[in-house]
Amino acid sequence: MTSLIRHVTIDCTDAFRLAGWWAQVLDGSLADDDRPGDPEATVTAAGGALLFIAVPDAKTVKNRVHLDLQPQDRSRDEEVARLLALGATLVADHRRPDGTGWATLADIEGNEFCVERSAAERAG
C-alpha cells in the first residue's frame with residue numbers, strides 16, 4: 001500500500017482565524033476541539049482536509065504549493081467576487097476575453113490560491 005495525503009498543511013500566524021476563513025471558502029467545518037489561540041486548527045471539506053499550523057515566521061515569498069479551487073454551484077467570476085467579499089485579494093488576473101483562464105487570489109494571510117472555471121463553464 002502506498003501513502004495517502006491526510007491533509008495539506010499551511011503555516012500561518014493565527015491558525016484558528018485562517019482555518020475559519022477557509023471553512024467559509026470551502027463550506028467546510030472546523031474540528032470540534034479547535035479554539036481561538038490554538039497552535040493548530042483543521043478544516044474538513046468535501047475536497048479533503050487542511051491543517052493550519054501557527055508559526056513565528058511571517059510569509060515572505062510566493063507559495064511553492066497552492067490550492068486550485070473549482071466552483072461547484074457558481075461561475076468562476078461569481079466565486080472570485082464571493083471570495084473578494086470574504087477578504088481575499090486579487091494577486092493576478094489570468095482570465096481571458098474568451099472565458100478561459102483563472103484568477104490568482106491571496107487569503108487573509110497572503111497565501112496564494114487560484115480560482116478556475118467551474119465544470120459547467122469548461123463543458124460549455
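Each Cα pair under 8 Å and six or more residues apart adds its separation to the average, and for the chain the resulting relative contact order is 22 percent.
Diffusion of region 60-103 by Stokes-Einstein, at 4 °C in a medium of 1.567 mPa s and with Rh set to the Kirkwood radius over alpha-carbon pairs, works out to 109 µm²/s.
What the chain shows is 62 Å² of accessible area per residue, with the surface traced by a 1.4 Å probe over protein heavy atoms.
For the chain, DSSP calls about 65 percent of its internal beta bridges antiparallel. Over the chain, the pair-distance histogram of Cα-Cα distances with 10 Å bins from zero comes to 13, 42, 33, 11, 1 percent, rounded to whole numbers. In this structure, Asp32 and Arg6 have a Cβ-Cβ separation that, at R0 = 25 Å, corresponds to a calculated FRET efficiency of about 0.90.
Taken over region 1-54, the convex hull of the Cα atoms encloses 82 Å³ per residue. Of the heavy-atom accessible surface of the chain (probe 1.4 angstrom), what whole percent is carbon and sulfur? Of the solvent-accessible surface of the chain, carbon and sulfur hold 52 percent.
The values are calculated or read from the model by the stated rules, or taken from the named source; none is laboratory data. Everything numeric here is computed off the predicted structure, so don't read it as measured data. Quick reminder, even Gly has a Cβ in these numbers, built from the backbone with ideal geometry, and neighbours come from all protein chains shown. Please note that ligands, DNA and RNA were not included when accessible areas were found on the heavy atoms of the full protein model with its side chains. Shrake-Rupley method; radii C 1.70, N 1.55, O 1.52, S 1.80 Å.
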